[in-house]
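Taking it in order: structure first as structure tokens, then the write-up.
The values are calculated or read from the model by the stated rules, or taken from the named source; none is laboratory data. These numbers were taken from a predicted model, which means no experiment stands behind them. For neighbour counting, all protein chains shown are included, and Cβ atoms are generated from backbone atoms with ideal geometry for every residue, glycine included.
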Amino acid sequence: MRSFCNVGLLVGLCYAILLSSCAPRLAAAPLVVDPPSTPMPALTSTPPATATVEIPALVEPTFTPASAVCQINRVKAIPVFDQNGLLKSFDTPDKFIVLTIDDGYNNEVLNQMLDILEEHGARATFFLVGTSFGKNIQRDTFQRLVDNGNDIGYHSLTHPDVNIIDGMSQEEWLQDYQDWSDALRAVIGDDLYTRGVTPYVRAPWGRWTPEFMQAARKQGFIPVYWSADEHTFEPNRMPLKPGGILILHIIPENLDELQQLMKTDWQVISLREALGETCN
Ligand SMILES: [Zn+2]
């Protein structure tokens with residue numbers, strides 16, 4: 001009985017020492033999306049000592065991350081949020097711009113944009129409107145969009161007018177997301193949905209009401225604003241800044257801006273590429 005107690009004490013002591021030696025490193029881990037280039041190897045666990053073992057085996061702490069974070073592009077990107085939790089841009093020493101493209105009322109223009117992105121090996125995040133699914137955006141376009149590694153993000157089911165948005169409750173936003181999600185899944189199926197849909201969301205018209213933000217927070221979404229738009233390309237406008245988030249729309253007029261962007265030496269990436277992708 002006495003030796004059994006000693007074994008128990010030894011195991012407990014080992015645990016305490018190991019935990020205390022690990023704790024400062026875990027606490028000091030920086031909250032930045034800048035994962036190591038190679039995934040951290042999972043620590044292996046050894047079976048715990050049993051009562052029949054005379055000398056207690058060293059019990060290692062088990063720390064197996066549920067998933068690794070994959071960085072597709074090698075950019076350093078620290079997300080910058082405003083006081084309301086909106087993602088505005090990225091702090092970075094690298095010359096990249098995050099490209100976001102909104103709405104989706106024109107299947108032909110969307111395909112032309114995908115042509116341009118594909119030609120330059122670039123990806124973007126598309127904030128799409130639910131009423132376009134299967135109509136203005138057809139399934140084969142979604143297939144191509146997702147196969148090329150672009151993101152799909154929520155931009156409401158119907159893109160309601162501002163006065164309607166201002167009256168929407170948190171529950172109505174959650175229902176709207178559910179309807180958007182159901183409409184999309186009905187067109188693209190589970191596989192494309194799982195591969196393409198991201199937790200990035202943008203309020204229609206950029207109308208970020210407290211109710212929208214509460215609903216987004218509740219779902220664990222990342223609300224995304226922008227720091228540059230199509231006017232950035234006009235003469236005497238503020239130039240692009242590294243780590244900026246550019247908004248364009250799926251309209252014929254923005255094909256030219258997209259071409260202009262691709263002719264620059266900026267690295268053009270999607271939100272998923274900037275924030276890192278969760279992968280299994
Ligand atoms: Zn919009």
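Exactly one residue out of Q267, Q260 is in the same structural domain as L87 (by TED's automatic domain parsing), exposed (fewer than 15 other Cβ atoms within 10 Å of the Cβ) and polar (S, T, N, Q), and it is Q260. All conditions in (1) part of a helix (DSSP H, G or I); (2) over 30 Å from I269 (Cβ atoms) hold for M168, with the sole exception of (1). Of all residues in the range 80-88, none satisfies being over 20 Å from G189 (Cα atoms) and within 14 Å of the ligand (Cβ to nearest atom). Evaluate the following for R237: is it among the basic types (K, R), out of contact with any Gly (no Cβ under 8 Å at 6 or more places or on another chain) and assigned by TED's automatic domain parsing to the domain that holds E108? Against the criterion (among the basic types (K, R), out of contact with any Gly (no Cβ under 8 Å at 6 or more places or on another chain) and assigned by TED's automatic domain parsing to the domain that holds E108), R237 qualifies. Taking the criterion of being small (G, A, S), within 16 Å of the ligand (Cβ to nearest atom) and at positive phi, the only residue of the range 97-133 that qualifies is G104. Every listed requirement among (1) in contact with a helix residue (DSSP H, G or I) (Cβ under 6 Å, 6 or more places away or on another chain); (2) assigned to a loop (DSSP other than H, G, I, E, B) is met by K241 save one, (1). Does W180 qualify as being within 16 Å of the ligand (Cβ to nearest atom) and either touching a helix residue (DSSP H, G or I) at 6+ places or on another chain (Cβ under 8 Å) or within 21 Å of K135 (Cβ to Cβ) (or both)? For W180, the condition - within 16 Å of the ligand (Cβ to nearest atom) and either touching a helix residue (DSSP H, G or I) at 6+ places or on another chain (Cβ under 8 Å) or within 21 Å of K135 (Cβ to Cβ) (or both) - is met.
Residues in the range 137-146: is at least one within 16 Å of the ligand (Cβ to nearest atom) and crowded, with 18+ Cβ neighbours inside 10 Å? Write out each step before concluding.
Step one: list which residues in the range 137-146 are within 16 Å of the ligand (Cβ to nearest atom), which gives 137.
Subset that is crowded, with 18+ Cβ neighbours inside 10 Å: 137.
Yes, because at least one residue in the range 137-146 is within 16 Å of the ligand (Cβ to nearest atom) and crowded, with 18+ Cβ neighbours inside 10 Å.
When the residues of the range 185-226 are filtered to those that are part of a strand (DSSP E or B), β-branched (V, I, T) and within 16 Å of the ligand (Cβ to nearest atom), the one that is surrounded by the most Cβ atoms within 10 Å (Cβ to Cβ) is V224.
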